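A short worksheet on the structure shown next.
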Amino acid sequence: MKVLVLFSSSLGEIDWILPVLVALKRDYGAQIVANFHTPQLYAKLGQNIPLAKILRETAQIFLEPRRHVFTEHKPESFDVVLKDDVGDSFMPQRAPYLEACHRAKQVVFPCSGFIYGLTGDTPNNLKAIEKKVATVMGFSPITWGKSDLCLCGSVNDFPALSLRYAPKSIRAVGFPRYDMWWVQQLLKVGQKNLQREQNFLADRRSLLFVIRGPHPLFLTPKDYSYLMRSFCEVVQKIPGLAAVIKPHPRQSEEDLVDFLSAFPSDKFLISHQPIMLLSSLVEAVVCMLTSGVLDVLRVGKPTVEFFIYPQEGRECLEFRAREKGGYESIYHQLGLVASISRRSQLKTFIEDIINGTLSVKFLEQNLRALGTVVHQDDLASARAAAHIDAVVAGRPF
């Protein structure tokens, strides 16, 4: 089996599919060819040393425009093309590859670790949400493109994905990067690159803050400033406490550095290391709206969502309207994380961690939800690889 994987825009693509690529090569002898459409994404990969190392060991890498796949490989030689699920119309640079590799089966995979929705979703309410998102973001109608097989993490994803791809082609395999063999490999490779973070946190109580910058759909600049200032001021006032801040991959680090310049430099450290790696170093994690809460739980650390949702009806797949008004994340609705929005609530959570008074049930409930929703076993990578092998061979999958 010969596999071409197209990486277009996000580290989340690599993070989701890489364990599957390893399984395809290990269990099926697949030849893996990875193509990057942009130097920017390849540069971001370089910041994530564990993923970069494993990808280089697994695949032959091509980077446009410096090096083109078809200068060394004939398009008809590929049996399968893997692409993320943001939609073909969003990624016009993929079109020449998909057209040239017309013989290959097309397999769609998630572009991040988020969950698409809830089991009670209906076509009508999902279409209404997508219409709101398109209005806020100024999106044109999306062309999702061909899919012979669509992989996803949870059965909660079926209602949304069924609007994009043939329902019979969709398979929920779990989250490959939560397979224990992969988590152990990631931690083993990554620990060698954490000396900076370890030195910063040495002999101190510690937190991780996973953030995202202002966004027209998710977070206003005013609310972002409140969340950041609240966290930093609470941490600043607690002696012996330090925090690592993990920015969103698309966030401006220059703006973040400028913001933190108003606070003591010995209290906060910016790091681009993977969330699971950073979570393994700290006692607890505070997250803005992010699927990163799943990563935190996978390494067994308590976490809370600290976020303010827009009040202008900007509903999206990741957060929904509540019956009593306002909004909340689907991670909260699924029982994966508690959601707070006030500084006083944040202060209480951090003090409970410091004083050892956080209820044991707090983490236990979230871990049970994790097992129910996305991590029922450690065979997600194997399932995904088996489905790909089957669709290439023309067998039922």
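The values are calculated or read from the model by the stated rules, or taken from the named source; none is laboratory data. Keep in mind the model is a prediction, meaning the values are calculated, not measured. Glycine also receives a Cβ, built like all others from the backbone with ideal geometry; neighbour counts cover every protein chain displayed.
Here are the numbers:
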{"item": "Whichever residue in region 75-106 is in contact with a Cys (Cβ under 6 Å, 6 or more places away or on another chain) and hydrophobic (A, V, I, L, M, F, W, C) and, among such residues, is nearest to residue 139 (Cα to Cα)", "result": "86"}
{"item": "Residue among 49, 32, 14 that is within 18 Å of the chain's Cα centre (by Cα) and closer than 16 Å to residue 384 by Cβ", "result": "14"}
{"item": "Residue in region 202-221 that is more than 16 Å from residue 346 (Cα to Cα), in contact with a His (Cβ under 8 Å, 6 or more places away or on another chain) and of a type in the set (Gly, Ala, Ser) present", "result": "yes"}
{"item": "Candidate set: region 127-141, residues that are in contact with a Pro (Cβ under 9 Å, 6 or more places away or on another chain) and touching a residue at least 60 places away in the same chain (Cβ under 8 Å); chosen: the one surrounded by the most Cβ atoms within 10 Å (Cβ to Cβ)", "result": "136"}
{"item": "Failed condition for residue 259, given (1) crowded, with 23+ Cβ neighbours inside 10 Å; (2) part of a helix (DSSP H, G or I); (3) of a type in the set (A, V, I, L, M, F, W, C)", "result": "(1)"}
{"item": "Filtered residues of region 340-397 (kept if outside any helix (DSSP H, G or I), out of contact with any Leu (no Cβ under 8 Å at 6 or more places or on another chain) and farther than 30 Å from residue 150 by Cβ)", "result": "341, 342, 356, 357, 358, 359"}
{"item": "Contacts under 8 angstrom Cβ, first residue in region 11-39 being outside the structural domain of residue 247 (by TED's automatic domain parsing) and free of Cβ contacts under 8 Å to residues at least 60 places away in the same chain, partner among the aromatic types (Phe, Trp, Tyr) and outside any helix (DSSP H, G or I), 6 or more apart", "result": "14/7; 33/62; 33/78; 34/7; 34/62; 36/7; 36/62; 37/7"}
{"item": "First in region 201-225 and closer than 14 Å to residue 280 by Cα, second anywhere and polar (S, T, N, Q), Cβ under 8 Å, 6 or more apart", "result": "208/279; 210/290"}
{"item": "The one condition in (1) at pLDDT 95 or above; (2) surrounded by fewer than 21 Cβ atoms within 10 Å (Cβ to Cβ); (3) under 30 Å from residue 159 (Cα atoms) that residue 17 fails to fulfil", "result": "(2)"}
{"item": "Residues located in region 27-49, provided they are more than 17 Å from residue 66 (Cα to Cα), of a type in the set (S, T, N, Q) and modelled with pLDDT of 90 or more", "result": "31"}
{"item": "Lone unmet requirement of (1) of a type outside the set (D, E, K, R); (2) at pLDDT 95 or above; (3) touching a Leu at 6+ places or on another chain (Cβ under 7 Å); (4) surrounded by 21 or more Cβ atoms within 10 Å (Cβ to Cβ) for residue 24", "result": "(3)"}
{"item": "From 53, 74, residue being over 14 Å from residue 13 (Cβ atoms), of a type outside the set (Val, Ile, Thr) and at pLDDT 95 or above", "result": "74"}
{"item": "Single condition residue 368 does not satisfy, out of (1) in contact with a strand residue (DSSP E or B) (Cβ under 9 Å, 6 or more places away or on another chain); (2) surrounded by fewer than 17 Cβ atoms within 10 Å (Cβ to Cβ)", "result": "(1)"}
{"item": "Cβ-Cβ under 7 Å pairs, at least 6 apart or on other chains, region 263-279 side among the β-branched types (Val, Ile, Thr), far side part of a loop (DSSP other than H, G, I, E, B)", "result": "270/247"}
{"item": "Residue within region 186-194 that is surrounded by 18 or more Cβ atoms within 10 Å (Cβ to Cβ) and among the charged types (D, E, K, R) present", "result": "no"}
{"item": "Helices (runs of 4 or more DSSP H) wholly inside region 159-237 that include at least 1 residues being touching a Phe, Trp or Tyr at 6+ places or on another chain (Cβ under 7 Å) and at negative phi", "result": "221-236"}
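For (1) among the small types (Gly, Ala, Ser); (2) crowded, with 20+ Cβ neighbours inside 10 Å; (3) within 26 Å of residue 160 (Cα to Cα); (4) under 18 Å from the mean Cα position of the chain (by Cα), each residue gets a yes or a no:
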{"residue": "281", "(1), (2), (3), (4)": "no, no, no, no"}
{"residue": "289", "(1), (2), (3), (4)": "no, yes, yes, yes"}
{"residue": "305", "(1), (2), (3), (4)": "no, yes, yes, yes"}
{"residue": "319", "(1), (2), (3), (4)": "no, yes, yes, yes"}
{"residue": "322", "(1), (2), (3), (4)": "no, no, yes, no"}
{"residue": "331", "(1), (2), (3), (4)": "no, yes, yes, yes"}
{"residue": "340", "(1), (2), (3), (4)": "no, no, no, no"}
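So that you can scan it fast, the table gives a plain yes or no per residue for (1) in the same structural domain as residue 277 (by TED's automatic domain parsing); (2) of a type in the set (Asp, Glu):
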{"residue": "172", "(1), (2)": "no, no"}
{"residue": "188", "(1), (2)": "yes, no"}
{"residue": "196", "(1), (2)": "yes, no"}
{"residue": "199", "(1), (2)": "yes, no"}
{"residue": "211", "(1), (2)": "yes, no"}
{"residue": "235", "(1), (2)": "yes, no"}
{"residue": "245", "(1), (2)": "yes, no"}
{"residue": "249", "(1), (2)": "yes, no"}
{"residue": "254", "(1), (2)": "yes, yes"}
